[in-house]
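Comments concern the structure below.
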Amino acid sequence: MDSRQLCFVPMLLASFALLAAGVTMKDTGSYWLCKAYDSKNNQWIAKSPYRRVAMNTAYEGCKKQSQFPKTCKTANEYCEDIIKGGIAQHGWQCTAMDKKAKSWVSDAYPERNQAVLGAKAYCEKHSDIPNSCYVNLLTCKNLQTPGE
């Protein structure tokens, strides 16, 4: 094998590895912003065109810099897809109400049930009458854009 062939083989293998992992490069100006946390709620943030790389970088930062490295955690839910400077909306959002008809909107969650629980917990934490909080499933909406 000549030197050109030796250089081509690792590049070809790396290309197949990326395809097998389902990794796609984001458009210019778009990236993933991921966070890792420790038990004291300190946070480490990393960004990358790839979600998994951003997650791993944030996690590694936590492991290296935290006073409690064994408690470091990260997850897909701790990542935001930044597209041309704005946060992309993914998943579900629900609204809880109390007996005074005050509404409490949840954050975006990947699953509807998580959004229901999030809205109810938010209402119970901030309402004057927390025992009256409830979520009607009709108030839940899917934030994903069609074709996503």
**Prompt:** Restricting the search to the range 108-142, which residues are surrounded by fewer than 15 Cβ atoms within 10 Å (Cβ to Cβ) and in contact with a His (Cβ under 9 Å, 6 or more places away or on another chain)?
**Reply:** P110
**Meets criteria (within 25 Å of W44 (Cβ to Cβ) and free of Cβ contacts under 8 Å to residues at least 24 places away in the same chain) for T74** = no
**Asked** Within the group S106, S66, S132, S127, which residue is out of contact with any strand residue (DSSP E or B) (no Cβ under 6 Å at 6 or more places or on another chain), of a type in the set (S, T, Y) and under 29 Å from Y31 (Cβ atoms)?
**Response** S66
**Message:** I'd like the full set of residues that are of a type in the set (F, W, Y) and either within 13 Å of T139 (Cα to Cα) or out of contact with any Ser or Thr (no Cβ under 9 Å at 6 or more places or on another chain) (or both), limited to the range 92-125.
**Reply:** W92, W104, Y109
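Given the criterion at pLDDT 85 or above, surrounded by 10 or more Cβ atoms within 10 Å (Cβ to Cβ) and part of a helix (DSSP H, G or I), identify the matching residue among A46, A14, A36, A54.
Working: A46 fails: part of a helix (DSSP H, G or I); A14 fails: at pLDDT 85 or above; A36 fails: part of a helix (DSSP H, G or I).
Result: A54 is the single residue among A46, A14, A36, A54 that is at pLDDT 85 or above, surrounded by 10 or more Cβ atoms within 10 Å (Cβ to Cβ) and part of a helix (DSSP H, G or I).
The values are calculated or read from the model by the stated rules, or taken from the named source; none is laboratory data. Just so it is clear, the model here is predicted, and its values are computed rather than measured. Ideal geometry is used to build each Cβ from the backbone, glycine not excepted, and the neighbour counts take in all protein chains shown.
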